[in-house]
Structure formats: structure tokens, C-alpha cells
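A.B. asks: Below you'll find the structure I mean.
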Amino acid sequence: MSVSNLSCFFRPQGVAVVGASRQPGKLGHDVVRNLVTHGYTGPIYPINPRADEVFGLKTYAYIEDAPDPLELAVIVLPARLVPEALEACGQRGVKGAVIISGGFREVGPDGAALEARLKQVAEQYGIAVLGPNCIGTIDTHTPLDTTFVIGERRQGDIALLSQSGAVAVVIINWAEKTGIGFSRMASLGNQAGVTETDMLEALAEDEHTKVVAAYIEGVADGPGFVEAAARVARSVPLVALKGGRGASGARAVASHTGALAGSEAAYDAAFRRAGVLRAESTEEMLDWARALAWQPSPEGNRVGVLTNAGGSGVLAVDSLEAAGMQLAALTEETKAFLRQHVPPAASVENPVDILAGSKPELYALCLEAMLADETVDAVVVIAAPQDWFAPVRLAEVVADLCEAPPQGRKPVLASIMEPGSGRDADEEMFRRRIPNLLFPERAGRTLAAMWERKRWLDGLADQAPVGPAQGTDGEAARAAIEAGLEAGRRHVDAGELDASDAGWLPPDLAEALAKAYGIQTPRGELVRHEEGALAAAASIGYPVALKLTAPGLTHKTERGGVALGLETVQGVQDTFREMMARLNAEGGVYVQQMVQGAVEVIAGVVRDPQFGPLVMAGGGGTQVELVGDVAFELAPLTRRQAGEMLERTAVGRLLAGYRGQPPADKNAVVDTLQALAQLALDWPEIAEIEVNPLLVRPEGEGAYAVDVRARLTLD
């Protein structure tokens, strides 16, 4: 849905309220009241066949009686009447409808049937539908308020998108009490028409909006959301609070990759790819939104802390370090200047503690010096409660310096901790666009979010299109997949295995799939007779590994199905016999060349139902699920993205050469990750594929995919 189609929700030419009521406290009355009292200057048409006027406005019995101009309808009727009312809106030529009424799919099958009817009507008449079961929209600059929520509206530069009406109401009330203003607000409700993806760009295209904050519980179209959010984030920061964390991927998976890749890992990866900053709480989302709207991004992660209380400074420092920021190492020139002006007992090391009793003028002097220091990328200014001056005076001097900095603008966050007497300071900070955080420990993650956005924007230049690597053998991949599908369906048809277990490829086909995309594997051969095992071992060369394989068998180690380092004919013979004795179904033994590596890595892809192929990398081995040293990204992967995945894990440090060990071949790991990602993109039949372990040899010597597992979707 285009942005222009959604403009009627914020700047409509005429609004009808279908279900307007004369009775205060009724939703149909409160919507009309908000339209009038919050200053909407266009025509308002209350629709009520049993009233002459509502809130002093002439009413109309039916929407077809309302004159032009009329672009938007707000429907507040019992659910059973809404489809007919929406059809009347369509016949009248209304462009958009806000359906505040509840009682649709959220209440069960009957409500779902009503909602399906709404969709049919909306499609028939080309109406953009917001809701049902939503609270409406706000544009403070039009001005327009189609909600029923009581309270004032202050103009601002933060747009709010919420999939929960209750969360939106709480935030609107919070904003009123704290003096924060919004530019636009949209409550999505059941999303029978307009989705979060549709609305993102409609919010961001507004000239008054500097940041979009979103409460999201799910997305209707994962790839579409990522594409739209990334497009918006290039110009407007996006901050999201994701609800529903407990809904992990409840699907049958047998690979480590599938077991570790819950829905939250997918959302993290999707947000990271799209440049969406993920907050952990409502308070944090709003802290970040204010900072991103009002302050420039930091050029680095070095932070100066200016405080009049040691304990408060320590809390700020702890939060900064926990969030991955660093304390700036002030230059000797800056420290010498500070010593000349601060009390003798003050500390000029970062954090700079100027002690209780210091006046705003001293704050100004020290802040100016810190902002001018080339080692400082951002400053946090802290003031513990005191009686020496009015907090608003400190707010004024901090804001003055931020507006006219000594050497270019740098982000400044404040924590003037006087929630009662400091309200005037809050107002001054809001007016001058300086985020004032009640407690200093909120500064760490706020600055880290600003730094993360800066790095995401800087990384856009490296996001060149990714495609199949040169030398990819598509026909070989196709042959392996077709053979796997045929075998899997045969087992399902025979009633031997369910579709999930039957989809696992035998090791020779899984390795053929990997080799088709340039992933190096040890020499190997699948055998079903003792003579074949001995011949394979002789051909490959001792020592060899033996691995039991059978349809539906995934974790071979747990079944005693792996034997490594067999150096003799007798060892191969005895092990083969022992393994085959455990085998009660069709299968065999895979004889494989033994290879050595410096580092064990796990690399895999699982197909997330919302966002598509999700790539995993981390420390490999049998205990990968227990250790959980993994990172995720969406496919496709640039080399930079693959490298950053590894850097977020401990195995990344091992690859770089941990504690004096020589570096391992990180480039080979990156190659493997890119190949697996592309393989999953090219072949939608692949549900999951995993290499564990990928044995990484010393730098420049490549890596071997020692164990490859792949599962196909058979339906």
C-alpha cells in the first residue's frame, strides 16, 4: 500500500464519525470531542440517525448524506454492524476507515468471519482500513486526533506505531505527563488492512518526524518488513520494542541450528539487517527515541562523564561499559585546563567529578572543555539533587553549549536527578532538545543505540548485492535435492518415517550439495557392506572415521554412531560390524577421511517462517546447544556481515589467534557462511542445512566441512 493512500489517516479532507454519540463517555462521543478540541480544522460529520447534533455539530443520518469533502471515516459501532457500515463508506467514496470497534478475530471464529467480510469489502471498494480493534490516529501538526483517549497533545518529532492500543494509550499518557511531544501516532489493531509495514513509511515521510518508535508483536510479511524498514532507516531512525518474546520457534527441529534459532533470534537478525534498534523496555524505547531525534550521532564510542556526585558517575560508567561504550581518555591539555578551575579535591580523570556545590557556570566551563577534546565523542552530564541553584539554570547552560559547541556538535545526554523541583529543568531540556534521563545508568544503552545506528549507516556502502559464487554447480545441487526428495517421499509413502524425519539427506547427498557451492569436504564414501568399508578405507587412506547413517538418524554421536581415527583394517572391520548391528532400518556407514583443524566452527541455515533463511555461526562441536556461542544473520550475507557475525562470538577470537595461537583461516569460514546462505536462497526445498564441525585450518589453508546435514521440505 502506497504512502499516498495512507495520508488520509493524518491529513484528511473531511472526517465522518460513524456511530457518533451524544453521551459523554461513549467512544462515539469521545472521538468527536477529540476531533473538535484538538483543533482539526476540516469538516467533521457525526453520523447518527437518532440525533440532531453531537458536541455542537450537525449530525447526518447516514454517511451518504454527508457532503463533500469527505476522505476518512471513523467507525464506532457494534462489530456486527461494521461490515455494512464499511460498505456504505465505500459507496460514498471514502478513501480510508479507522475501525475502532472490537469483537472481531480476537474473540473467536464468529469474529474472524466478520473480519474476513471487512477485508472483502475493503478490497472491493479500495478502502484503506486501519484496525479493527484499534484506537485510531493522531497528527499533532495537522492537527488531527481520531482517538477516544482523554488528554492533551503536544507537538513533537517522534512518531509512534503500536500493534497494541493499550500500549499506545500508556505512552500517550506518559508523554502528556513528561512533556514529550509526538508528531504522529497510529494504532494498528488487528491489521485487517493496513499493516506495520505499510504504516512505517507513512509515518516516516512526515516532515515533522525525526524518529519512529514502534511497539511490535509480529510482522505480517517478514521480507517486506525488512525491505521497508531498511528503506526508512536510511533517513529516519527506527526504534522497536518487540512483545511476545516467549513465543520461540515451536517447530520440530533436529539440527543444532534449528534448535537454537528461535523466533527471537530471527527478529534480532531482521532488525539488525533493517537498521531497527531493538529496545528492551518501553522506557528504553522512549529514551532512545528522544536521543536520536534531538542529538547527532556520535562519531565513535568514547564517552566523557561530568558529574557532581561520585556514585552517580560510577553508575553511568558501569552502564556505558556494559553497553560496549568506552570512557574517553581525556588529553593532558584538557585535564590541565580542568585542574585550573575545579575545586582541589575534584577529579579531572574521566569521569570528571566536580563535587557537590559546583554551580552551573563551572558545569559550563568543564562541559565546553570536554566537548572540545578530540578524544571525546559524547558527554553525559549528571547533577545529583542540591540546594545551591535551581535545576533549570543548569539545563540552560547545558543547552546553550549544545546549540553552539566549540568544535562541531557532539551528542550530550543529561541526568538532572530532581523529579520534583526539576520539572522546570525537564521542560527546558525538552524545549532545547536535550534528553534528560531521570537516572544516569540509562545513558549507557542510549548512547550505544546511537552508536549502533551510526555504524549501520556507515556499513550501507559495503552491502553490495550477493549472488552465487563463481564455480557454483547448480546442476549438481539440483541432482542431490531431487534424489533426496525422491528417497524421502518413498519413506513417507511406505509409512516408515514422517515427513520431517524423511527429509534428512544421507551424508553423501548432503556433501554433494555442499560441494556444489564450493564448500570443501573430506573424501568419503557411503557403504553398506563390510567389503565396501574396507575398500573405501584403503582408497581414502588411513586413518579414517566411520559414521553410522540411516533415515531419520540425526544425532549420530548420541547413538554411538561415530568412530574417529581408525588406523587399521581390523579397527575398521570391528567398528563396521558393531555399527551395523545397531542398525534396524535402511542405512549404512559413511567412511570418511580424517582431517585436522585449528578451530571447530558450526555454520548453518534454518528457514524461518517469517523472515526466510536465517544463518548461524559459532563455536562448533557436540555441545553447541549447551554453550550457545552463536550469532545469527539473515541471508544473503556480505563478507562484512559474515565477519561481524563471527566477531559476536567467542569463536571469532579463536579464529583471530587466541592467547598466542596462530590465526586460523577466517576467510574460509566467511566463504562457507556465504555459500550456505546462497544455497538456502537458491533452493527453497532446503528447510535447514548445517556444517558441524567446520574444521578450520591455519590461515590460508582453508576449512573442511567434516559433517554436513541437510533437511528438505517434502511437501
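A.B. asks: If we keep just the residues of the stretch 621-645 that are more than 19 Å from the chain's Cα centre (by Cα) and of a type in the set (A, V, I, L, M, F, W, C), which is modelled with the highest pLDDT?
C.D. replies: Top of the filtered list is Val624.
For (1) over 23 Å from Leu447 (Cβ atoms); (2) modelled with pLDDT of 95 or more, each residue gets a yes or a no:
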position	(1), (2)
Ala309	no, no
Val314	no, yes
Thr331	no, yes
Ile354	no, yes
Pro385	yes, no
Leu394	no, no
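A.B. asks: If you don't mind, another one. If you take the residues in the stretch 8-25 that are under 38 Å from the mean Cα position of the chain (by Cα) and surrounded by fewer than 22 Cβ atoms within 10 Å (Cβ to Cβ), which one is nearest to Glu201 (Cα to Cα)?
C.D. replies: This residue is Arg11.
A.B. asks: Output the number of the condition that Asn301 fails; it satisfies all remaining conditions of (1) of a type in the set (S, T, N, Q); (2) modelled with pLDDT under 95; (3) more than 30 Å from Ala168 (Cα to Cα).
C.D. replies: (2) is the only condition that Asn301 fails.
A.B. asks: Kindly indicate which of Gly471, Gly495 is more than 33 Å from the chain's Cα centre (by Cα), over 30 Å from Ala328 (Cβ atoms), without any contact (Cβ under 8 Å) to a residue 12 or more places away in the chain and not in a helix (DSSP H, G or I).
C.D. replies: Checking each option against the conditions leaves just Gly495.
A.B. asks: From the list Ala537, Ala487, Ala512, exactly one residue is over 24 Å from Gly597 (Cα atoms), in the same structural domain as Val589 (by TED's automatic domain parsing), among the hydrophobic types (A, V, I, L, M, F, W, C) and assigned to a helix (DSSP H, G or I). Which is it?
C.D. replies: Details: Ala537 fails: over 24 Å from Gly597 (Cα atoms); Ala512 fails: over 24 Å from Gly597 (Cα atoms).
Step by step, each of Ala537, Ala487, Ala512 is checked, and only Ala487 is over 24 Å from Gly597 (Cα atoms), in the same structural domain as Val589 (by TED's automatic domain parsing), among the hydrophobic types (A, V, I, L, M, F, W, C) and assigned to a helix (DSSP H, G or I).
A.B. asks: Oh, and also: Residue check, Ala112 against (1) within 33 Å of the chain's Cα centre (by Cα); (2) closer than 18 Å to Phe148 by Cα, all met but one. Which one?
C.D. replies: Against the list (1) within 33 Å of the chain's Cα centre (by Cα); (2) closer than 18 Å to Phe148 by Cα, Ala112 comes up short only on (2).
A.B. asks: State all residues of the stretch 187-238 that are assigned by TED's automatic domain parsing to the domain that holds Val98, under 19 Å from Ile100 (Cα atoms) and either of a type outside the set (D, E, K, R) or not in a helix (DSSP H, G or I) (or both); if no residue qualifies, say none.
C.D. replies: Ser187, Leu188, Gly189, Asn190, Gln191, Ala192, Gly193, Val194, Thr195, Met199
A.B. asks: Here's another thing I want to ask about it. Which of the residues belonging to the stretch 76-86 are part of a helix (DSSP H, G or I) and closer than 19 Å to Thr146 by Cα? It would help to see each step written out before you state the result.
C.D. replies: So the first thing to find is which residues in the stretch 76-86 are part of a helix (DSSP H, G or I), and the list is 79-86.
Correct list: Ala79, Val82, Ala85, Leu86.
A.B. asks: It is to be established whether one or more residues within the stretch 87-98 are under 15 Å from Gly189 (Cβ atoms), assigned to a strand (DSSP E or B) and hydrophobic (A, V, I, L, M, F, W, C).
C.D. replies: yes
A.B. asks: Out of all the residues in the stretch 194-208, which are buried (at least 24 other Cβ atoms within 10 Å of the Cβ) and more than 20 Å from the chain's Cα centre (by Cα)?
C.D. replies: Within the stretch 194-208, Val194 is the sole residue that qualifies.
A.B. asks: Now for a different question. Run down Ala364, Ala378 and say which single residue is among the small types (Gly, Ala, Ser) and without any contact (Cβ under 8 Å) to a residue 60 or more places away in the chain.
C.D. replies: Unique residue meeting the criteria: Ala364.
A.B. asks: Please specify each residue of the stretch 290-315 satisfying the condition of being of a type in the set (A, V, I, L, M), closer than 30 Å to Thr209 by Cβ and part of a helix (DSSP H, G or I).
C.D. replies: At the first step, the residues of the stretch 290-315 found to be of a type in the set (A, V, I, L, M) are 291-293, 303, 305-306, 309, 314-315.
Of the ones still in play, those that are also closer than 30 Å to Thr209 by Cβ are 291-293, 303.
Matches in the stretch 290-315: Ala291, Leu292, Ala293.
A.B. asks: If Leu654 satisfies every condition in (1) buried (at least 20 other Cβ atoms within 10 Å of the Cβ); (2) touching an Asp or Glu at 6+ places or on another chain (Cβ under 6 Å); (3) more than 23 Å from Ala516 (Cα to Cα); (4) touching a residue at least 40 places away in the same chain (Cβ under 8 Å) but one, which is the exception?
C.D. replies: Result: Leu654 fails condition (2) only.
A.B. asks: Within the stretch 37-66, which residues are assigned to a loop (DSSP other than H, G, I, E, B) and touching a His at 6+ places or on another chain (Cβ under 8 Å)?
C.D. replies: Hit for the stretch 37-66 is Phe55, nothing else.
A.B. asks: Looking at the structure I just gave you, is Lys26 of a type in the set (D, E, K, R) and over 20 Å from Val129 (Cβ atoms)?
C.D. replies: So Lys26 fits the description; yes.
A.B. asks: Among the residues that make up the stretch 79-88, is at least one of them under 18 Å from Ser7 (Cβ atoms), in contact with a strand residue (DSSP E or B) (Cβ under 7 Å, 6 or more places away or on another chain), modelled with pLDDT of 95 or more and surrounded by 24 or more Cβ atoms within 10 Å (Cβ to Cβ)?
C.D. replies: First, the residues of the stretch 79-88 that are under 18 Å from Ser7 (Cβ atoms): none.
Checked the stretch 79-88: no residue is under 18 Å from Ser7 (Cβ atoms), in contact with a strand residue (DSSP E or B) (Cβ under 7 Å, 6 or more places away or on another chain), modelled with pLDDT of 95 or more and surrounded by 24 or more Cβ atoms within 10 Å (Cβ to Cβ).
A.B. asks: Looking at the stretch 6-20, is at least one residue without any contact (Cβ under 8 Å) to a residue 40 or more places away in the chain, assigned by TED's automatic domain parsing to the domain that holds Thr195 and out of contact with any helix residue (DSSP H, G or I) (no Cβ under 6 Å at 6 or more places or on another chain)?
C.D. replies: No, that holds for no residue.
A.B. asks: Could you tell me which residue of the stretch 10-36 is nearest to Leu144 (Cα to Cα), considering only residues that are of a type in the set (Gly, Ala, Ser) and not in a loop (DSSP other than H, G, I, E, B)?
C.D. replies: The extreme case among them is Ala16.
A.B. asks: Out of curiosity, is Tyr45 closer than 17 Å to Thr147 by Cα and either in contact (Cβ under 8 Å) with a residue 40 or more places away in the chain or not polar (S, T, N, Q) (or both)?
C.D. replies: Yes.
A.B. asks: Something else about it: Taking the stated definitions as given, is Arg105 at pLDDT below 95 and touching a strand residue (DSSP E or B) at 6+ places or on another chain (Cβ under 8 Å)? Working first, answer last.
C.D. replies: Values: at pLDDT below 95: yes; touching a strand residue (DSSP E or B) at 6+ places or on another chain (Cβ under 8 Å): no.
Taking the combined requirement at face value, the residue does not satisfy it.
A.B. asks: Residues in the stretch 109-118: is at least one under 30 Å from Glu207 (Cβ atoms), modelled with pLDDT of 95 or more and either in the same structural domain as Phe182 (by TED's automatic domain parsing) or not hydroxyl-bearing (Ser, Thr, Tyr) (or both)? Show your work before the answer.
C.D. replies: Residues of the stretch 109-118 that are under 30 Å from Glu207 (Cβ atoms), as a first pass: none.
The answer is no; no qualifying residue exists.
A.B. asks: Okay, moving on. Go through the stretch 396-427 and give me each residue that's at pLDDT below 85, more than 33 Å from the chain's Cα centre (by Cα) and either closer than 18 Å to Val342 by Cα or surrounded by fewer than 22 Cβ atoms within 10 Å (Cβ to Cβ) (or both).
C.D. replies: Ala404, Pro405, Pro406, Gln407, Glu418, Gly420, Ser421, Arg423, Asp424
A.B. asks: Give the stretch 159-182 a look and list any residue that's without any contact (Cβ under 8 Å) to a residue 60 or more places away in the chain and either part of a strand (DSSP E or B) or aromatic (Phe, Trp, Tyr) (or both), or say none.
C.D. replies: The answer is Ala159, Leu160, Leu161, Ser162, Phe182.
The values are calculated or read from the model by the stated rules, or taken from the named source; none is laboratory data. Small disclaimer: the values here were computed from a predicted structure and weren't measured. All Cβ positions, even for glycine, are placed from backbone atoms using ideal geometry, and neighbour counts span all protein chains on display.
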